[in-house]
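Please treat every number below as a calculation from the coordinates, not as lab data. A quick note: this is a predicted structure, and the numbers were derived from the prediction, not measured. Cβ atoms come from the backbone with ideal geometry, glycine included; neighbour counts cover every protein chain shown.
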Amino acid sequence: MAAGGNKMDATLRPGETATVKTTCPYCGVGCGILASLGPGGSVTIKGDPDHPANFGRLCSKGSALAETLGMEGRLLHPEVSGRRTTWDDALDLVTKRFQEAIDDHGSDSVAFYVSGQILTEDYYIANKLMKGFIGSGNIDTNSRLCMASAVAAHKRAFGTDTVPCDYTDLEEAELVLIVGSNLAWCHPVIYQRLLAAKSANPSMQVVVIDPRRTATTEIADLHLPILPGRDGFLFSWLLAELDRKGCKDTTFIDQHTDGFDDAIAAARCYAENIDSMADETGLEPAQLIQLRDMIMASERMVTLFSQGINQSTSGTDKGNAIINLHLLTGRIGKPGMGPFSITGQPNAMGGREVGGLANQLAAHVDFGDVSREALVHAFWSSKKPAMGPGLKAVDLFEAVRAGKIKALLIMATNPLVSLPDVDGIKSDWPDDVFVVVVDCIRDTATSAIADVLMPAAAWAEKDGTVTNSERRVSRQRSFLPTPDEARPDWWILAELGKRLGHRAAFAFETPAEIFREYAGLVRAVDRDLDYGDPADLSDGAYDAWEPAAWPLNAKDRLFADGTFFTDNGKARFIAIEPRSPKAVPDWRYPFVLNTGRYRDHWHTLTRTARSATLSRHRAEPTADINPEDADTLGLEDNDLVRLTSPSGQVMMPIALDGSIPVGQVFAPMHWNGAYNKTAEINRLVAPATDPVSGQPESKAAVLRIEPVSFRHRGFALTRADMGFTDCVYANRSRIKGGWLHRLAIDAEVQDWQSWLASRLDAFNGDRHWLSFADEAKGQYRVAVLENGELQAVLFIGKGPTADWLSEQFGTLELDDHTRKALLLGAAPGADPGPLVCACFGVGQKIIAKAIDDHGLCSTDLVGAALKAGTNCGSCLPELRRLIKSAAICQNRAACQPATPPALSETDVIDVEA
Ligand SMILES: Nc1nc2c(c(=O)[nH]1)N[C@H]1C(S)=C(S)[C@@H](COP(=O)(O)OP(=O)(O)OC[C@H]3O[C@@H](n4cnc5c(=O)[nH]c(N)nc54)[C@H](O)[C@@H]3O)O[C@H]1N2
Ligand SMILES: Nc1nc2c(c(=O)[nH]1)N[C@H]1C(S)=C(S)[C@@H](COP(=O)(O)OP(=O)(O)OC[C@H]3O[C@@H](n4cnc5c(=O)[nH]c(N)nc54)[C@H](O)[C@@H]3O)O[C@H]1N2
Ligand code: SF4
Ligand SMILES: [Mo]
């Protein structure tokens, strides 16, 4: 076996395998991966035991990467107006249209909108082209929707966007505050490291601050279900309280900080009365005191925060409120301490470094920092540098709507799903804006508005670097050949740069050359970043790059000496005036909408929905609400509802969930029109943004809930990917060997066989139908076989869930026994329930039964009995919850009868086609 860091030759001799060290393309944990290519092109993915982020671990998404590498749906050729063209023609056209816009309307009439999912090399070129040569600040990124508030908070406090912690700090802490982060689902490998650290050190305490009781709260010693958007009040109160109690590091404050007096004066306004603080935050006075005392008792404290803080109209202030607390106590720059903003995307951090955000220039240099700006311009030999910030994402799309942007290039992001107010954006989209979309996938919501499509190389084909949450720079290395005409993102941007007349500045041949240049810029700027001496970065050294955190070669940890990157070297306290979310619930819109992530899905589904394994955990979005609210509304679990906000409407089923507070709704951000035409959650989210960071408030829209009327509800399983677009509601998801469709139908249907038949492709062979009807119960079931092979199944009316059939569909051997089971929807006693363990395919009902039958009281015992939870561990929090609750009837799936209604053999009738 050929192992090692180097890019490998993807053509192997028979029987040979090769392994490449690369990095996971999903979350900001940045796990190291060993990708092995076997004979016949098979790919095996394993965690890299030597990578310091994961030491061999992977979560369910990382483990299933091999399933998402296929060519299905890939964009493989450049296209202009939907027609295939050559790279030369596509690039010439884009150059012409960008140049025309610049000539006629100025540099600020063009823009790039990029992503934390491109590599540092790609990002560097995009930024250099826009800010160094086109002469506009108009390059922004989806990190605006993600990290912008944390970035702004860091810059206000430290002078630079510097994350001072690494993962070992979490392990060494005595107290970990997890604020607005569902770590168990969104950064599962860090969560597992924390879990292991807590087991090894039982005195470690974990507090989770989140309106919902999430999977992450399973390890919490204290869960504080704060009211949506109120963290600023809580942290201001804590600041004043700790100060009052004398829990502060006066020497540190005096010698290493500015602004303490103002910040403490502002915080004291909120600390006079604990009862009003309790009202403001929705927490009990006793809980507030408990938290304060825990903080007072533990010197080694990490505050880890994510989108529950950032995605807010006061996200920057909240970030600073957290940092203020660490400055007060001097808990920064030392092991096991610090404010820790974790990044979402694999290269969110790298993008921030190069300057991918519109309000900074490059390499952590801000606009207006005149001497360093001059240094960057000189380094680039910029002919036409950007002289000020460009438009931030939400403003950028506003400018497009207002006709101010004439040419826009979108790369590695799907804004027509992920931006707030997607309906408004689509309806106002001007005809004359020229749009280029660079993506790996052909059909996305965003590619639908493109004039030009450019095929990008995908993860397994790309070479470059990414920086994870702990500032660790790792290599992504290609292990598959780039298909057809797909090209790396940096190549596409460099070609554009050359054609726009900047041949020398963009004459890069390899990612290594780009990285060397960037390392040189970083060295010249000489601030918090350091990638080492570019002279040491030969092609070979770049190839062999071992994961390393910046600043490279640092003698001590960041901020260890109390020196920060502000002009006077002191950190800044920021005086905060806490605010509630912009939208306030009223009688028309009485609920607050919280949006976020599912364990096994990634963003807008362009990747994870390709995997049957990953689609099993959550095949369909649900609006999770408290059972009390459902009761008030007269709704039952799984009822189909319409959610209406001032911005728009969506439709999806509800799920009763006691972990959601009364008055709140949680729904996933993931669904796009290709999988569900009515569930794009950003139709509901208004484009309200934080005044400092420009980050939108994705977690606090307001809405009302109404039932949807329809005549029939059911599901279909089909071999072919067919549409049910005329249904009131249709959600499709991948299963092994086909598709699962969940449907609501308003048409009056007499004959379900004809209804299904009319949707099937013509078939000349032997077509058999099985059918069953119970008119009284409104149950209809049909299945169709073509040449003896199962093609489709349709279940209408109340009855068994789709779980068992979805498992069996791809492999069902149609003997007499299974034919019967087919229309029963379950082999008797074998309904697995919704999937919990993705690695071993173990369902919730199986686990619950084993827990009950055998008294399994630990995840180890469940693992020993069923293997569940013994591979990637992503489901451990759910296993713990099942063990704890053993009263699983709270769970909606378990509330349905475990065995389907009786159906006698004679009910199943064979009908000739
Ligand atoms: N499985 C999965 N993992 C992912 C991703 C994915 O798509 N899928 N995406 C990656 C990316 S880009 C990102 S940015 C991260 C995001 O990672 P997280 O930030 O952990 O994920 P979210 O689910 O968006 O939101 C986190 C939590 O904030 C809570 N919250 C909402 N409002 C408030 C509030 O007012 N206060 C507090 N304290 N909490 C609140 C929500 O209930 C939610 O549990 O995940 C990364 N990892
Ligand atoms: N309501 C609500 N909205 C949200 C959020 C939320 O919590 N709630 N979260 C926000 C956050 S934190 C984020 S990060 C965004 C994410 O939102 P997006 O960035 O819009 O989501 P993705 O699905 O990751 O889109 C990435 C696109 O890039 C393509 N792609 C993948 N790899 C490559 C590559 O190497 N090159 C190129 N050219 N293309 C590639 C994929 O096919 C896909 O189309 O959503 C934001 N929107
Ligand atoms: S935790 Fe999972 S998604 Fe995140 S980098 Fe690791 S394997 Fe990938
Ligand atoms: Mo993100």
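Rounded to the nearest 500, the 222 nm mean residue ellipticity of the chain from helices alone is -8500 deg cm²/dmol, with -39,500 (n - 2.57) taken per DSSP H run of at least 4 residues.
Scanning residues 5 or more positions from residue 361 or on other chains, those with amide H under 5 Å from its amide H are 366, 367, with H placed 1.01 Å from N in the peptide plane. Sort out for me the Cα centre separation of segment 339-418 from segment 157-227, rounded to whole Å. Between the Cα centre of segment 339-418 and that of segment 157-227, the gap is 30 Å.
Rounded to 0.05, the FRET efficiency of the residue 262 and residue 432 pair, given R0 = 51 Å and the Cβ-Cβ distance, is 0.55. Inverting the pair-averaged 1/r between distinct Cα atoms of segment 400-556 gives 18.1 Å as its Kirkwood hydrodynamic radius.
Can you list the lysines whose alpha carbon is less than 19 Å from that of residue 334, not counting same-chain residues fewer than 8 positions off? Residue 334 reaches 248, 555, 570.
Scoring 585-595, 357-367 by mean Cβ neighbours within 10 Å over their residues and listing the highest first yields 357-367, 585-595.
Assign one of three labels to segment 75-211, namely rounded, prolate or oblate, based on the Cα gyration tensor with a ≥ b ≥ c the square roots of its eigenvalues; rounded applies when a/c is under 1.5, prolate when it is not and a/b is larger than b/c, and oblate otherwise. The partial results should precede the final answer.
Details: a/c = 3.63, a/b = 2.28, b/c = 1.59.
It is prolate, given that a/c is not under 1.5 and a/b is the larger ratio.
Relative to the dominant Cα principal axis of the chain, helix 844-854 is inclined by about 80°. As a proxy for reagent exposure, ranking 71, 337, 651 by other Cβ atoms within 10 Å from fewest up yields 71, 651, 337. For the charge dipole of segment 120-244, defined by +1 on Lys and Arg C-beta atoms and -1 on Asp and Glu C-beta atoms about the Cα centroid, which residue among 139, 165, 153 has the Cα displaced farthest towards the positive pole? Sorting the options by dipole projection puts first 139. If R0 is taken as 51 Å, the Cβ-Cβ distance between residue 503 and residue 254 corresponds to a FRET efficiency of 0.40. Put simply, the amide H of residue 341, placed in the peptide plane, has neighbours under 5 Å in 305, leaving out anything fewer than 5 places away on its chain. Amide H to amide H, with H built 1.01 Å from N, residue 206 comes under 5 Å of 176, 221, 222, counting only residues 5 or more places away or on other chains. Note on the chain: dipole from Cβ charges, positive end direction compared against 222, 381, 770; the farthest Cα belongs to 381. Against the chain, whose longest principal axis is taken from its Cα atoms, helix 489-499 shows a tilt of about 60°. For the chain, the Cα-based Rg and Dmax, in that order, read 27.6, 88 Å.
If one computes P(r) from the Cα atoms of segment 300-357, what percent of pairs lie at distances over 12 Å? Could the numbers behind the result be given before it?
Numbers: 1140 of 1653 pairs.
Roughly 69 percent, once rounded to a whole number.
Going Cα to Cα from residue 884, which lysines come in below 23 Å? Please leave out same-chain ones fewer than 8 positions away. Candidates past the 8-residue exclusion: 198, 845, 849, 867.
Annotation note: GluC sites (Glu not before Pro) in segment 196-295 located in DSSP loop regions with a Cβ neighbour count of at most 14 within 10 Å are 272.
What is the extension gain from residue 767 to residue 721, computed as 0.36 nm multiplied by their sequence separation minus the C-alpha to C-alpha distance, in nm to one decimal?
Values: separation 46, 0.36 × 46 = 16.56 nm, distance 1.86 nm.
Once the chain is fully extended between residue 767 and residue 721, it gains 14.7 nm.
Per 5 Å bin, what is the whole-percent P(r) computed from every C-alpha pair distance within segment 754-869? Once binned at 5 Å, the Cα pair distances of segment 754-869 give 2, 10, 18, 18, 16, 13, 10, 7, 4, 2, 1, 0. In the neighborhood of residue 524, defined by Cβ-to-Cβ distances under 15 Å, what is the net charge if each Lys or Arg adds +1 and each Asp or Glu adds -1? Cβ neighbours under 15 Å give a net charge of -3.
Against the empirical 2.2 N^0.38 Å scaling, what ratio does the C-alpha Rg of segment 631-777 come to?
Working: Rg = 18.9 Å, N = 147, 2.2 N^0.38 = 14.7 Å.
This ratio for segment 631-777 stands at 1.29.
Computed from phi, the 3J(HN,Hα) profile of segment 458-471 under the Karplus parametrisation 6.51, -1.76, 1.60 (θ = phi - 60°) reads 9, 2, 5, 10, 9, 10, x, 10, 9, 10, 8, 4, 9, 6 Hz, with x in place of Gly and Pro.
Phi-derived couplings, Karplus 6.51 cos²θ - 1.76 cosθ + 1.60 at θ = phi - 60°, listed residue by residue for segment 644-658: 10, 10, x, 8, x, 9, 9, 9, 6, x, 8, 10, 6, 8, x Hz, with x used for Gly and Pro. Each residue of segment 216-228 is assigned a 3J(HN,Hα), and the resulting list reads 5, 5, 4, 9, 7, 7, 8, 10, 10, x, 5, 5, x Hz, derived from the Karplus form 6.51 cos²θ - 1.76 cosθ + 1.60 (θ = phi - 60°), x at Gly and Pro. Calculated from the alpha-carbon coordinates, segment 375-465 shows an Rg and a Dmax of 15.6, 43 Å respectively. Partner lysines whose Cα lies under 22 Å from the Cα of residue 426, excluding those fewer than 8 positions away in the same chain, are identified as 392, 404, 406, 677, 699. Each label point was placed 7 Å from the Cα along the Cα-to-Cβ direction; for residue 861 and residue 750 their separation is 5.9 nm. Separation of segment 15-42 from segment 706-782 is 39 Å, based on Cα centroids. Subtracting the Cα-Cα distance of residue 286 and residue 543 from 0.36 nm times their residue separation leaves 87.0 nm of extension gain.
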